[in-house]
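First up is the structure itself, then whatever we jot down about it.
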Amino acid sequence: MDDVALRVDGNALAGELSEVFSQDVTVARVACGGCGTVERLGADHAYIQAPGMVLRCCHCDNVLLVMVRAGDRLRMSLAGSRWIDL
Amino acid sequence: MARAAVRGRLSWTLGDVVELIDETPRVRTIALDVPEWPGHRAGQHVDVRLTAEDGYQAQRSYSIASAPEDDRLAITVEALPDGEVSSYLVGELRVGDKLELRGPIGGYFVWEAERTEPLLLVAGGSGMVPLMSMIRHRHAAGATVPTKLLFSSRAWEDVIYREELERLALASDGFEVIQTLTRMPPDGWTGYTRRVDAAMLSDVGWSASAMPASFVCGPTPFVEAVASTLVLLGHAASTIKTERFGPTGG
Amino acid sequence: MTGYVSRGFHGKREAERENARVPPGQYIVRDFPVLSAGPTPHTPTAEWTFAVVGGARQPTTWTWEEFRALPSEEIRADIHCVTKWTKLDTIWQGVSVDTLLEGIDHNATHVLAFSDGDYTTNLPLEDVSDGKAWVAFGYDGEPLAPEHGGPARLLVPHLYFWKSAKWVRGLQLMDHDEAGFWESYGYHMYGDPWREQRYAGD
């Protein structure tokens, strides 16, 4: 299984994120805290086969968003994003 | 132009399996009656969740195959080797069963028939599913926007929606289907017989000056190769929407 | 998470309730799943180094050739991923962390393993000592593949496998415990599969 195959579009996070946000976040614009580029969340790279879900900037790979389900709790970090437009 | 997607938070709901259609030996369409289904946009997907008696759960995403105009919700699933969810959906699920699902999901990879720019759809294998929703929606809405579908499959027997695509292509409403098979084609085959490459996209696709909207769906390596080729051919990256399926759906 | 029980669905697990080698909540798998939080790094061995930093003196570093010249051994271990799969009898080739820490002057209580791609994970020093941890460069008789952490990964089989950092490039000696990548997002600081320490507070 090659590494390129493991990443999917940010769209793949939409289901999990739909339990947090009432808007459709895949069209939300996200500003990368690393390179500053602004992209639709659906265009960035998601890694969903991991202990948590990770969204990375499609330009510089900086981690934009992490979602971890710990039993009944859901923790989300947007620390790597400068901002997100909802 | 972004449409406000105000719908509240999604939650898991149950659909009744009302029909099963075997598209190919490994691919099945599941038609569902979902009470209070809010409707969807062509290109969106649903998350499906299976729970075993001991509480073990597995969850996967499947693109919606049906048009927003259709009465019933349909998903099309390819059984993958060692796929614990796909093998259940294609091999075990029966009419009368219930399926737990959440959706519709995803406003990024959607197409509406009101759009006026030429449309390029590029599908690799089961990547055809969300694009079929777009094609069915286009037909149901009576749209005539010039549309080209480039569809790569392994063999003739693996071409999903084959007969329906042939029928739709005969409708003379500006819809054209170009196919390529990557394994031995049948006698009399007039389509391409190789993997999608730059020469094929250049011959088949719209010119960059036509400023088409492009949707590419399939396994990740396929999608990335096609999308980057379209950019090299002069298409603006912002006009190319991708849906990567990852290595497998399971 | 509760859900509607799907008629006839069993998943691909094996009956493992009788198996004393399987920690609670885990299922045996026969393949070797690949989980990743980011793109696979591809550091060529010509550029690869391993470093132990934070000791009394300058960092101690090895090039790939120097690392491979160290005494190494075969390790047979059961491994347990926090996402619930367990794989029995995996076979690795690696250098014991004891060998890497030998002769380094320090008063550390913990280590922070760091990897290409900015991944980190934290462990108590005693959990990477006394034959409990390795830097593994081979799996099943072959060089460790990039998607499984090659050229080299940390191997700490007695803890959940997120602690066995892929693409490891060094250990930072610490005088306190500091959360690594997954730990900082709510995973357990220690991660004992036999006490099901998956998340903080477990």
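Quick note: the coordinates plus some simple rules give every number you see, no bench work behind them. Being a predicted model, the structure only gives us computed values, none of them experimental. So basically every Cβ, Gly included, is an ideal-geometry build from the backbone, and we count neighbours across all protein chains shown.
Ranked from highest to lowest mean number of other Cβ atoms within 10 Å per residue, what is the order of the peptides C:60-71, B:26-37?
Descending mean neighbour count gives B:26-37, C:60-71.
Roughly what % of Cα-Cα distances in chain C sit above 31 Å, to the whole percent?
18
Which value, in debye to the nearest 20, describes the size of the charge dipole of the protein assembly as shown about its Cα centre when Lys and Arg Cβ atoms bear +1, Asp and Glu Cβ atoms bear -1, and nothing else is charged?
In debye, rounded to 20, the protein assembly as shown gives about 920.
What does the convex hull of the Cα atoms come to per residue for chain A, in Å³? Kindly include the intermediate steps, with their values, before the conclusion.
Numbers: hull volume 7.3 nm³, N = 86.
Enclosed volume per residue, from the Cα hull, is 85 Å³.
Taking C-beta distances below 4.7 angstrom as the pairing criterion, name the unpartnered cysteines of the protein assembly as shown, in sequence order.
Cysteines of the protein assembly as shown left without a disulfide-compatible partner: A:Cys58, B:Cys217, C:Cys81.
If neighbour count is taken as other Cβ atoms inside 10 Å, put B:Ile21, B:Ile105, A:Ile84 in order from fewest to most.
Ordered from fewest to most neighbouring Cβ atoms within 10 Å, B:Ile21, B:Ile105, A:Ile84 come out as B:Ile21, A:Ile84, B:Ile105.
What's the exposure ranking of B:Met128, C:Met189, going from fewest to most Cβ atoms within 10 Å?
The fewest-first ordering by Cβ neighbours comes to C:Met189, B:Met128.
Place the peptides C:38-49, C:144-155, C:89-100 in order of packing, highest mean first, counting for every residue the other Cβ atoms within 10 Å and averaging per peptide. Please report the intermediate quantities before stating the final value.
Details: C:38-49: 14.9, C:144-155: 22.3, C:89-100: 18.7.
Final packing ranking: C:144-155, C:89-100, C:38-49.
At each listed q (0.18, 0.26 Å⁻¹), what is the log10 of I(q)/I(0) that the Debye formula gives for the stretch B:160-217 modelled as equal alpha-carbon point scatterers?
-0.83, -1.32
To the nearest Å, what is the center-to-center distance of the stretch A:16-66 and the stretch C:16-84, using C-alpha atoms only?
So the two Cα centres are separated by 28 Å.
Between the alpha-carbon centers of the stretch B:101-163 and the stretch C:157-179, tell me the distance in whole angstrom.
46
Fewest first, what order do A:Met53, B:Met184, C:Met174 take by the number of other Cβ atoms within 10 Å?
Least crowded to most crowded, the residues run B:Met184, C:Met174, A:Met53.
If you wrap a convex hull around the alpha carbons of chain B, what volume per residue comes out, as a whole number of Å³?
Each residue corresponds to 130 Å³ of Cα convex hull volume.
If you bin the C-alpha pair distances of the protein assembly as shown every 10 Å from 0, what whole percents do you get?
3, 17, 26, 25, 17, 9, 3, 0, 0
Expressed as a rounded percentage, what relative contact order does chain A have, with Cα pairs under 8 Å and six or more residues apart?
Value for chain A: 28 percent.
With a cut-off of 8 Å between alpha carbons and a minimum separation of six or more residues, what is the relative contact order of chain C in percent?
21
Could you compute the FRET efficiency for C:Ala46 and C:Ala20, with r as their C-beta to C-beta distance and R0 at 30 Å, rounded to 0.05?
Efficiency at R0 = 30 Å is approximately 0.10.
Which one of B:Pro25, B:Leu230, B:Ala169 has its Cα pushed farthest toward the positive end of the charge dipole of chain B, where Lys and Arg give +1 and Asp and Glu give -1 at the Cβ?
Checked the options; the winner is B:Leu230.
Choose one of C:Ala165, C:Ile75, C:Leu35: the residue whose Cα lies farthest towards the positive end of the charge dipole of chain C (beta-carbon charges +1 Lys, Arg; -1 Asp, Glu; about the Cα centre).
Farthest towards the positive end: C:Leu35.
Counting only other chains, and only Cβ atoms inside 10 Å, what mean value do you get across the residues of B:88-95?
Per-residue shielding by partner chains comes out at 3.
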